[in-house]
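*Asks:* So that we are looking at the same thing, I have put the structure below in structure tokens.
Since every read-out is calculated from the coordinates, none of them should be taken as a lab result. Computed from a predicted model, the values in this text were never measured in an experiment. When we count neighbours, we look across all protein chains shown, and the Cβ atoms used for this are built from the backbone with ideal geometry, even at glycine.
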Amino acid sequence: MKKNNALLLSTPYIVWMVVFTLIPLGVVGYYALTDPQTGAFSLGNLKELGIYMPVLWESILYSLISAFICLLLGYPVAYYIAHCKPVTQKLLYMLVMLPMCMSFLLRTLAWVGLLQDTGIINRVLEAIGIGRLQLIRTPGAVILGMVYNYLPYMILPLYATIVKIDKRLIEAAEDLGCTPVQTFSKVVLPLSVPGILSGITMVFVPAVSTFYISQKLGGTDTVLIGDVIERQFKQGNNPNLGAALSLVLMILVFVCTGIMNRFGGDEEGGVIV
């Protein structure tokens, strides 16, 4: 009886997953493994991927740099929020989530207005005598856009992990003579590893497939794998190759998720050294 009730309750979720996840994945796989002319099974699309491997590696590099910067910025913020009073925690948590309520496109366009040659930052630099700088259409601007848009995805899982660390473990370390640095490195940091892995994954996955940020903040030389996929569907009129590139990204996402599940464990599964 319980099994029937559980199956009945999970039916909407199963239908949702089939319609909006499994079927689209199947469509991508079909186009990736078929010839665009005949529709017959073919590995030709996958053979063409070698041309775009430099772009893929560059996308991975940008995403890793962005994830690392998000970690450096997000960990202190998450640590501070987790050690505030409950009322303050709720307020700061809301402030972290607030930018996510705004359109992704608007957030990116806001940085265009700040970084462009006649933007606010360059006007301030001119006013103080420094002169205009090339802020937009650079790799740094693309990484800045990624960090700004995806930083909350790093802070939230880190906060959720750090706030659950048993305070008695920290008190025990202090009673045993550990300095604050030793307490952090031997207790807090190891126990927050699952949150670190989750945050890196949640930043890396959307960053590696982004295309709007690179189009608006990057130059003509800054082409990421997301840009290539979009062009294959919109301009190149080659959805099969675009699907093959998307398939590679999906495999990369599955690998990242598998690593997170393998080494991250649950949010309380860190190991004290």
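*Asks:* Multiply the residue gap between residue 110 and residue 181 by 0.36 nm, knock off their C-alpha separation, and tell me the result in nm, one decimal place.
*Replies:* Contour length minus the Cα-Cα distance gives 21.7 nm.
*Asks:* Can you tell me the alpha carbon radius of gyration of the range 39-183 divided by the globular rule-of-thumb value 2.2 N^0.38 Å? Could the numbers behind the result be given before it?
*Replies:* Details: Rg = 21.7 Å, N = 145, 2.2 N^0.38 = 14.6 Å.
Expressed relative to 2.2 N^0.38 Å, the Cα Rg reads 1.49.
*Asks:* Ordered by residue, what ³J(HN,Hα) values in Hz, to whole numbers, does the range 111-117 give under the Karplus form 6.51 cos²θ - 1.76 cosθ + 1.60, where θ = phi - 60° and Gly and Pro are x?
*Replies:* In residue order, the calculated couplings are 6, 4, x, 7, 9, 5, 4 Hz.
*Asks:* Still on this structure, please answer the following. Quick query: amide H of residue 34 versus all other amide H atoms, modeled in the peptide plane; which residues come in under 5 Å with a sequence gap of 5 or more or a different chain?
*Replies:* 42
*Asks:* If packing is taken as the mean number of other Cβ atoms within 10 Å per residue, what is the order of 131-140, 58-67, highest first?
*Replies:* Values: 131-140: 15.4, 58-67: 20.3.
Going by the mean number of other Cβ atoms within 10 Å, highest first, we get 58-67, 131-140.
*Asks:* Can you compute 3J(HN,Hα) from phi for each residue in the range 4-20, using the Karplus curve 6.51 cos²θ - 1.76 cosθ + 1.60 with θ = phi - 60°, rounded to whole Hz and x for Gly and Pro?
*Replies:* 5, 5, 5, 5, 5, 5, 8, 4, x, 5, 5, 4, 4, 5, 5, 6, 9
*Asks:* Rounded to the nearest 20 debye, what is the charge dipole size of the range 57-264 about its Cα centre when +1 sits on each Lys and Arg Cβ and -1 on each Asp and Glu Cβ?
*Replies:* For the range 57-264, the charge dipole is close to 320 debye.
*Asks:* Would you kindly state how much longer the chain becomes between residue 127 and residue 169 on full extension, computed as 0.36 nm times their sequence separation minus their alpha carbon distance, in nm to one decimal? Don't skip to the answer; put the middle values down first.
*Replies:* Numbers: separation 42, 0.36 × 42 = 15.12 nm, distance 5.28 nm.
Gain on stretching residue 127 to residue 169: 9.8 nm.
*Asks:* Once Rh for the chain is found with the Kirkwood sum over Cα pairs, what is the Stokes-Einstein diffusion coefficient at 20 °C and 1.002 mPa s, in µm²/s?
*Replies:* Result for D is 99 µm²/s.
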